[in-house]
Structure formats: structure tokens, C-alpha cells
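Novice: Here it is, the structure, as C-alpha cells.
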């Protein structure tokens, strides 16, 4: 044990501790002194870069939310035109497809709102909701091949199981 202690000793000078021979336990004092002697500007650079990138991301998401809100309004007008002005056969198919697209826009806007409400964090379950809705829309639009529909349904099942796991007590953050 004595050889180990001697091996850990080294000579240095630390004004905070007022000793010349430091052992391993006083290494924290030396590290604190070394980090304090560095200019604080160097420590602020990563925080400044992070803040700038966060602002760019926030402005981009606000712009995206505005664009999605405009498309949501356009889809609302489209739903009313399909509901009241189209032929009966084509109307039901276009109405269901429009409703699913409407929910996709709605979910993306809700995701952006939740991002700002939860302290700049995207909850995983919202992405799963969007994935399920997108696959349901795909099934509605492209249901000609039964094998593809079965694969899409299996993908929905996987996403539902993932959603169940994400909402379990172990993984739930909120």
C-alpha cells in the first residue's frame, strides 16, 4: 500500500490548497485550479452555439407550424367541397382519404405544440401516432394487393405494441 501511495504523489503547486506535495485525493483541487485559470469565453462557446441552433430550430418549427396550419385550412375547404359538390361514388373515397390527411396535419401541429410545451422535447408516442395514421392512410389509398395490406397491418401492430411499451411505467417520461 505504501508503494501505491508514493506512486500517486506528485509535485505541483495549488494556491487554493497551499501545499506543494499533492496526493491523489488532492487532484480535484488541482483540476479545479486548472479549469478556473482558463478563460470563461471558451466555456461559453458551446452554450452560445447550442442557443443559436435552438433558436434556428424554433424558428423553423414555427414556420413549419404556420405552413401546416395553412394546409390544414386548405384541406378543410377541400373536405367541404368533396362532401357537398362531388359525385356519390367518388365522394366517399375522397372524403375518407381527406379526413385521414386532415388528421396527419393535425397530428404534426400537435407534435410541434407539444415540443414547445414540454421544454423542447419531441415525445416518442406522437411520432408513433403519426406513423399509425400514415399507414392507415396508405391502406385506404392503396388496398389493391392483399399481401401489401397484410404487411401494412403488421406494421400497424408493431407500432401499437411500441406505443404500449412507450406508455409503460418504465419508459414514460411525462
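Novice: State the number of residues belonging to segment 63-91 that are touching a helix residue (DSSP H, G or I) at 6+ places or on another chain (Cβ under 7 Å) and either modelled with pLDDT under 90 or outside the structural domain of residue 103 (by TED's automatic domain parsing) (or both).
Specialist: Within segment 63-91, residues that are touching a helix residue (DSSP H, G or I) at 6+ places or on another chain (Cβ under 7 Å) and either modelled with pLDDT under 90 or outside the structural domain of residue 103 (by TED's automatic domain parsing) (or both) number 6.
Novice: Determine, yes or no, whether residue 153 is without any contact (Cβ under 8 Å) to a residue 24 or more places away in the chain, under 29 Å from the mean Cα position of the chain (by Cα) and surrounded by fewer than 17 Cβ atoms within 10 Å (Cβ to Cβ).
Specialist: Spelling it out, residue 153 is indeed without any contact (Cβ under 8 Å) to a residue 24 or more places away in the chain, under 29 Å from the mean Cα position of the chain (by Cα) and surrounded by fewer than 17 Cβ atoms within 10 Å (Cβ to Cβ).
Novice: Turning to a different aspect of this structure: Inside segment 111-126, can you point out the residues that are at pLDDT below 90 and part of a helix (DSSP H, G or I)?
Specialist: Result: 124, 125, 126.
Novice: While we're here: Based on this model, can you work out whether residue 56 counts as within 37 Å of the chain's Cα centre (by Cα), at pLDDT 65 or above and either under 30 Å from residue 125 (Cβ atoms) or part of a strand (DSSP E or B) (or both)? Quick ask: steps written out before the conclusion?
Specialist: Values: within 37 Å of the chain's Cα centre (by Cα): yes; at pLDDT 65 or above: yes; either under 30 Å from residue 125 (Cβ atoms) or part of a strand (DSSP E or B) (or both): yes.
Here the answer is yes, as residue 56 does meet what is asked.
Novice: Answer with yes or no whether residue 140 is farther than 30 Å from residue 55 by Cα, modelled with pLDDT of 90 or more and surrounded by 13 or more Cβ atoms within 10 Å (Cβ to Cβ).
Specialist: no
Novice: Closer than 26 Å to residue 59 by Cβ, touching a residue at least 12 places away in the same chain (Cβ under 8 Å) and surrounded by fewer than 17 Cβ atoms within 10 Å (Cβ to Cβ): is that true of residue 120 in this structure?
Specialist: For residue 120, the condition - closer than 26 Å to residue 59 by Cβ, touching a residue at least 12 places away in the same chain (Cβ under 8 Å) and surrounded by fewer than 17 Cβ atoms within 10 Å (Cβ to Cβ) - is met.
Novice: So, one more: Taking segment 139-150 only, how many residues are under 27 Å from the mean Cα position of the chain (by Cα) and more than 26 Å from residue 124 (Cβ to Cβ)?
Specialist: Summing the residues that are under 27 Å from the mean Cα position of the chain (by Cα) and more than 26 Å from residue 124 (Cβ to Cβ) in segment 139-150 gives 0.
The values are calculated or read from the model by the stated rules, or taken from the named source; none is laboratory data. The structure displayed is predicted, hence computed values, not measured ones. In this analysis, Cβ positions are derived from the backbone assuming ideal geometry, glycine residues included, and neighbour counts consider all displayed protein chains.
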